[in-house]
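Working notes for the structure below.
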Amino acid sequence: MNNRLIGYIGALALASAGVMLYQSRKTIPPKAQPVRPFDVKRYLGKWYEIARIDHRFERNLNNVTAEYGQAADDRIRVLNRGLNTKTGRWEQAEGKAVFVGTAAEARLKVSFFGPFYSGYNVIAIDPDYRYALVAGENLRYLWILSRETTIPDAIKDKYLQVARSVGYDTGKLTWTEHDREQQEPHVQWGD
């Protein structure tokens, strides 16, 4: 292999690493503030998705849940499940989350695909950790979560107001139905 080709390959690898590093640092919308102080132990467990800004990984899914568990290496295990309304099949995605800073701040990044991470930021939560508003890395990702399949109107209205103040178009939210018991998934999301 000649030196010029080796140089091109090296430059390409360095540029790719730079892009990955930049993307992994940009994890929260500019006007969003993560919850502080944050108690990750209280956040762990099962959450029901109440609403989301739809995106390709969750398109056509209802009955969506997210389960968070502590992994041995201080990472958080993530298991998302949902029913594909087009195929009638249960799907799931398994991933991991890590804190961007300290565990006292609800600013994380999550990965479902190898070294590629995306922002996961709890920007509102009630004192009992029953309802949460989660911002992605930009204004294309937003979730409202609940420990139950519903959310009180007062909490919903408050979270919609917070989302709008950050810059989200809450008219783009898809409201998740919870009308089926979860079963073992047939496929992984994105398959």
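The values are calculated or read from the model by the stated rules, or taken from the named source; none is laboratory data. This is a predicted model, so every value here is computed, not measured. No Cβ is skipped: glycine too gets one built from the backbone with ideal geometry, and neighbour counts run over all protein chains shown.
Overview of results
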{"item": "Hey, Lys41 assigned to a helix (DSSP H, G or I) and more than 14 Å from the chain's Cα centre (by Cα) or not", "result": "yes"}
{"item": "Residue that is farthest from Tyr129 (Cα to Cα) [pool: residues in the stretch 45-69 that are of a type in the set (D, E, K, R) and part of a strand (DSSP E or B)]", "result": "Arg52"}
{"item": "Test for Gly10: is it of a type in the set (Gly, Ala, Ser), surrounded by fewer than 18 Cβ atoms within 10 Å (Cβ to Cβ), closer than 26 Å to Leu139 by Cβ and at pLDDT below 95", "result": "no"}
{"item": "Which numbered condition Arg164 misses (of (1) of a type in the set (Lys, Arg); (2) over 17 Å from Arg56 (Cα atoms); (3) out of contact with any strand residue (DSSP E or B) (no Cβ under 9 Å at 6 or more places or on another chain); (4) in a loop (DSSP other than H, G, I, E, B))", "result": "(4)"}
{"item": "Close pairs (9 angstrom Cβ cut-off, 6 or more residues apart or separate chains): in a helix (DSSP H, G or I) in the stretch 170-191, among the small types (Gly, Ala, Ser) and at pLDDT 65 or above anywhere", "result": "Thr170/Ala51; Thr170/Ala163"}
{"item": "Count of the stretch 96-121 residues which are of a type in the set (Lys, Arg) and in contact (Cβ under 8 Å) with a residue 60 or more places away in the chain", "result": "2"}
{"item": "Failed item in (1) within 18 Å of Trp175 (Cα to Cα); (2) modelled with pLDDT under 95, with Tyr22 passing the rest", "result": "(1)"}
{"item": "Total residues in the stretch 41-90, condition on the phi > 0 side of the Ramachandran plot and touching a residue at least 60 places away in the same chain (Cβ under 8 Å)", "result": "2"}
{"item": "Flag if Ala104 is surrounded by fewer than 16 Cβ atoms within 10 Å (Cβ to Cβ), modelled with pLDDT under 95 and over 11 Å from the mean Cα position of the chain (by Cα)", "result": "no"}
{"item": "Selection status of Ala93, in contact with a strand residue (DSSP E or B) (Cβ under 7 Å, 6 or more places away or on another chain), under 24 Å from Gly167 (Cα atoms) and in contact (Cβ under 8 Å) with a residue 24 or more places away in the chain", "result": "no"}
